[in-house]
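Note sheet for the following structure.
The values are calculated or read from the model by the stated rules, or taken from the named source; none is laboratory data. What you see is a predicted model; the values in this text were computed from it and never measured. Here Cβ is always computed from backbone atoms with ideal geometry, including for glycine, and neighbour counts include all displayed protein chains.
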Amino acid sequence: SGEEMRAQVLVIGAGPGGYTAAFRAADLGQSVVLVERWPTLGGVCLNVGCIPSKALLHAAKVIDESHAMAAHGISFTAPQIDIDKLRTWKDGVVKRLVGGLGGLAKQRKVTVVTGEARFVSPNQVAVAHEGQTRIIGFDHAIIAAGSEPVQMPFIPHDDPRVIDSTGALELDGVPARLLVIGGGIIGLEMATVYHALGSKVTIVELMDQIIPGADKDLVTPLMKRIQKQYEAIHLKAKVTAVEATPEGLKVSFEGGTAPASDTFDKVLVSVGRRPNGKRIGAEAAGVAVDERGFIAVDKQMRTNVSHIFAIGDIVGQPMLAHKATHEGKVAAEVAAGKASAFDAKVIPSVAYTDPEVAWVGMTENEAKAKGIKVGKGVFPWAASGRSLALGREEGLTKVLFDPETDRILGCGIVGPNAGDLIAEAALAIEMGADAEDIGLTIHPHPTLSETIGLAAEAFEGTITDLY
Ligand code: FAD
């Protein structure tokens, strides 16, 4: 058969979905081969996504706080930014994590194969690396090939001044004027970083609000803050052309408050990600891939071919690392013969902007669109002692309840650390908690977490103490 290797479980792609699946399968006693085309494990999330962005966002936060404290009696001299040192630190964080993954793979005897995998039959892949190809056979395969940034035909993506999130994270200098196309989570996080490092930032977004997936009341405090900080934010506007000139990138706009054209030093294109479903030779295995490149799966993460699974960004929205890891576990367990299924009620979303915006479960927009009646408890952070002690007051915690049963349906939080706080609401939803359960739970004082308990009390009409 020409097979050089055979695995009980073969995993394509070593992102959060793929490495989790590989490790879980190995822990369940399967012989596992993990194929990755990049030189390091960790996929988008560890190498060019979640982790490097959070390192740079931490740096941005320190810079912003140092400015903010001037109003409260502590002034620093202007930060001196050594961009090479900052990049080295960020790269070090990534290196430590991806190196750790390599060690974990070794410990578990997961065979890591470097190269690009394509199916050549329903039970074999060909892995190409540096001009060599080898055939690996498998009993079960798990496709975890992830996604890549969407490009647009009227943008000269080959010009080094046009960057995607990967380019932005490379930190190859700080442009004087940066245009961010797309006001979603990734674009806004990168805008936060570059603004703190000194760029004048402009954002252009097609919809009538930034982070279109979140309720407007949650996005408003962020919008108000960045409107003061950034050069411009154009909503209901789009870019129609980008022309590379020696002076800069000449951008044509249409709609909203955008000018007809303007010139920028760099343009960050962050208009979404598309799945890698079309580059794995799926047809040779009979795996169905839709026209956008997504692969449909059932609750056991099986594709239409029952011994081949798919997980992570490649199976659809939300494209988030914590979804990929949970799906990876399920696929590995089912492949190893266990009764397992992906049945999460909710998957939290977080924008690690300043303030952070986080939501889980039902949003008010969704309730309205579906005609579902919801009750809500809202707690403004201006009434939180801890928030004021942080020098901030714009936050908001909103919890949605079923008006009949008082059970929690969803939660949205905006404010510093909203991303950490939202986990409590996710647990409450999974446990089927009602407003009383949440309100009677003693939250530590003074913390921002109290705002969740207080929002539940506000819904029940039992709220007494503020601050
Ligand atoms: P990926 O991480 O995309 O990994 C897929 C892997 O498969 C890659 O390593 C790729 O090289 C490999 N591969 C593809 N095709 C082949 C092939 N044919 N053969 C061999 N290998 C192949 N999510 C969060 O939850 N929180 C965040 O804070 C967050 N921040 C982000 C910030 C940025 C800038 C970006 C871009 C994304 C961010 N995400 C975040 C999203 C997150 O990175 C993804 O949801 C997650 O990485 C998806 O995991 P995955 O396992 O599906 O695939």
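Details
- Evaluation of ALA26 against the conditions (1) within 30 Å of ALA310 (Cα to Cα); (2) part of a helix (DSSP H, G or I); (3) within 16 Å of the ligand (Cβ to nearest atom); (4) not aromatic (Phe, Trp, Tyr) shows that the sole unmet condition is (3).
- Once the stretch 325-344 is narrowed to residues that are within 16 Å of the ligand (Cβ to nearest atom) and either under 23 Å from LEU409 (Cα atoms) or charged (D, E, K, R) (or both), the residue that is surrounded by the most Cβ atoms within 10 Å (Cβ to Cβ) is GLU327.
- Selection of the stretch 118-135 for residues being in a strand (DSSP E or B) and of a type outside the set (A, V, I, L, M) yields ARG118, PHE119, SER121, GLN124, HIS129, GLN132, THR133, ARG134.
- Failed item in (1) away from the ligand (no atom under 11 Å from the Cβ); (2) in a helix (DSSP H, G or I); (3) of a type in the set (Val, Ile, Thr), with VAL305 passing the rest: (2)
- Applying a threshold of 6 Å to beta carbon distances and a minimum spacing of six or more residues, or different chains, the list of pairs starting in the stretch 238-255 at a residue that is farther than 16 Å from LEU268 by Cβ and ending at one that is assigned to a strand (DSSP E or B) and among the aliphatic types (A, V, I, L, M) reads SER252/ALA241.
- All positions within the stretch 34-45 that are near the ligand (Cβ under 8 Å from one of its atoms) and either of a type outside the set (A, V, I, L, M) or assigned to a helix (DSSP H, G or I) (or both): GLU36, ARG37, TRP38, GLY42, GLY43, VAL44, CYS45
- Among residues of the stretch 37-56, those that are among the charged types (D, E, K, R) and in contact with a Gly (Cβ under 8 Å, 6 or more places away or on another chain), counted: 1
- Taking the stretch 341-429 and the strands (runs of 3 or more DSSP E) fully enclosed by it, the elements with 1 or more residues that are at pLDDT 95 or above, of a type in the set (D, E, K, R) and closer than 22 Å to SER66 by Cα are at 356-361.
- Whichever residue in the stretch 163-195 is hydrophobic (A, V, I, L, M, F, W, C) and away from the ligand (no atom under 16 Å from the Cβ) and, among such residues, is surrounded by the most Cβ atoms within 10 Å (Cβ to Cβ): LEU179
- Within the stretch 142-181, tally of residues that are in contact with a helix residue (DSSP H, G or I) (Cβ under 9 Å, 6 or more places away or on another chain), small (Gly, Ala, Ser) and assigned to a loop (DSSP other than H, G, I, E, B): 4
- Matching entry among GLU457, GLU436 (being surrounded by fewer than 24 Cβ atoms within 10 Å (Cβ to Cβ) and either touching a Gly at 6+ places or on another chain (Cβ under 9 Å) or at positive phi (or both)): GLU457
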